[in-house]
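Here is the structure we will look at, set down as structure tokens.
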Amino acid sequence: MHRRILAPCALAAASLLLAIPASAASFAPGAPGIGDPYYPYYGNGGYDVSHYDVRLQYRPATDELEGTTTILAKTTQDLSSFDLDFLLDVSEVRVNGTKAAFTASGEHELVVTPKKPLAEGTSITVVVRYGGVPSTKSAYGFSTWHRTPDGAVAADEPEAAWWWYPSNDHPLDKATYDVSVAVPDGIQVISNGTLQSTSSQLGWTRWNWRENKPQATYLTTLAVGRFDITTGTSEGGIPVVNAYSKDLGENDGAARASVERTGELVDWLSEYFGPYPFGSAGGYVPDTTTGYALETQTRVFYSPRQFARGSNTSVVVHELAHQWYGDSVSVKGWKDIWLNEGFASYAQWLWSEHEGEGTAQELADYVYDSHPADDPFWTVAPGDPGPDNQFDAAVYDRGALALQALRNEIGDDAFFAVLKGWPKKHAYGNASVADFQRYAEQVSGKPLAALFDTWLFEPVKPAAPAARTASVAKAATVAAQPKSWKKIEATHDVHQH
Ligand SMILES: [Zn+2]
């Protein structure tokens, strides 16, 4: 991720060359991208997916993956063909039971041409049969498939799906999932939601996971390896499933001392954000050499390195906060990333305050004071950072600072009403930064355009008067570093490779 995506026009030209039946002049190819200016070819046009049924077999020793994905969707325009985003080798595609023509195109497009064009509003069932070695596939020169000594992991942002299932790969098109993967006996499979069942036959064990709430493609995760799985229920009644690689070595204790607190922290966050939106919670720590964590829905991905300096509840709070801010309420476009990272970071500030390691105000003052006006930090606008800076530290720190400024502007009552009301208003949907501003104005009864512009969109350090108005950095002396800062700062590479 964070690579600049070149946008050659060859793909669009190739799509236009596809034959369109004369009798179906209004039927056109679906667009190769969903329309996100940050990533022109991510997602696709012309249909909306409601469910993915991903049924696979995986061999850890050779990284061979094979199986079928069945996609339930509805067309949103008259289609002569449509694209899926995918990298593995496809052997057959069927649309509503009939074999369809297909071809690979561009960096990660699979162009599917059904025998008969599809009218707008048609329910379609697309079956894709495929196989391959994911670690040998790349797009734009990178791969996010992580092999481990005992298996593999798919967990990355904004792209992870291409290496294991075909999809409409953009948060705008969320769907429910059944993920069923067969692996050699003695190996475990971790995915989202609830483990419905396992069954063993002829040396293979099949693991059947289900997420029955809408889920974005990048939040769908798969981990294969030797795991120790723990289960429980939070005091508030949320079922918790966690998993730890059996090879975490020195990090094992600190990982468990952090992730085993998932239930407690879900309940604590519920006080701020309202009822937990999903039917299960948890996290997993595979044996990867990565350094980041990711808010994969209901089952957070943590790198072992997150726990190298000891237990880290701050990162757990960050990723669990995303279950409301990012997973249940997802971005409309990737430019809205502040709705994910600003709020997950602010949740860490609230946790710091709760733990007596620095108040949210002290953290805000520290962020404001510790970056002088000529620091490039201030040139990144969290409200629209651009694809190169989508996960820049400013999106996190200035993003959380903006929320403290909002809190000081509208007061605690309105601010915490907004924090709790927003996930309910847009539950399981998508929203933009502009939608959030309107909502905060509606709840607080105050015009907030100037405040949002100052703290989220101007590529400069907000001037002292604005900071004073927002009660940030009111002291003449430079704010001291709060105790929680180093852990919060370490969460900034949650999404870095
Ligand atoms: Zn995050």
Cβ-based exposure ranking for V266, V367, V90, in which fewest neighbours within 10 Å come first: V90, V266, V367
Computed FRET efficiency, Cβ-Cβ of S50 and K424, R0 22 Å: what is it to the nearest 0.05? 0.45
Stretchable slack from N212 to A61, in nm (0.36 nm times residue separation minus alpha-carbon distance): 51.2 nm
What does the range 88-130 give for Rg and for Dmax, in Å, if only its C-alpha atoms count? 10.7, 29
Neighbour-count order for I190, I124, fewest beta carbons within 10 angstrom listed first: I124, I190
For the chain, the longest principal axis of the Cα atoms and the Cα long axis of helix 338-354 enclose an angle in degrees, to the nearest 10, of 50
Other residues with Cβ under 14 Å from the Cβ of V418 give, with Lys and Arg +1 and Asp and Glu -1, a net charge of +1
Quick one: if you stick a label point 7 Å off each Cα along the C-beta vector at T198 and S471, how many nm between them? 5.2
Taking Lys and Arg as +1 and Asp and Glu as -1, residues besides Q188 with C-beta under 9 Å from its C-beta add up to 0
For the range 371-497, what is the convex hull volume of the alpha-carbon atoms per residue, in Å³? 134
Distance (nanometres) between label positions extended 7 Å along Cα→Cβ at V460 and E355: 3.7
For the charge dipole of the chain, defined by +1 on Lys and Arg C-beta atoms and -1 on Asp and Glu C-beta atoms about the Cα centroid, which residue among Y325, L79, S352 has the Cα displaced farthest towards the positive pole? L79
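Of the cross-linked pairs K99/K335; K213/K246; K74/K424; K446/K487, which ones have a Cα-Cα span greater than 28 Å in the structure shown? Provide the component values of the computation, followed by the final result.
Details: K99/K335 38 Å; K213/K246 30 Å; K74/K424 26 Å; K446/K487 34 Å.
Check vs 28 Å cut-off fails for K99/K335; K213/K246; K446/K487.
Which of rounded, prolate or oblate describes the range 144-296 when judged by the alpha-carbon gyration tensor and an a/c cut-off of 1.5?
Details: a/c = 1.37, a/b = 1.12, b/c = 1.22.
Judged from the Cα gyration tensor, the range 144-296 comes out rounded (a/c under 1.5).
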Suppose each label sits 7 Å from its Cα in the direction of the beta carbon; what would the S135-Q481 distance come out to in nanometres? 3.8
Percent antiparallel among DSSP beta bridges (both partners in the chain, rounded to 5): 80
hull vol. (C-alpha, convex hull) per residue for the chain, Å³ -> 141
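Only the coordinates and a few stated rules stand behind these numbers; no lab work does. The structure displayed is predicted, hence computed values, not measured ones. Cβ sites come from the backbone with ideal geometry, for glycine too, and all protein chains shown count toward neighbours.
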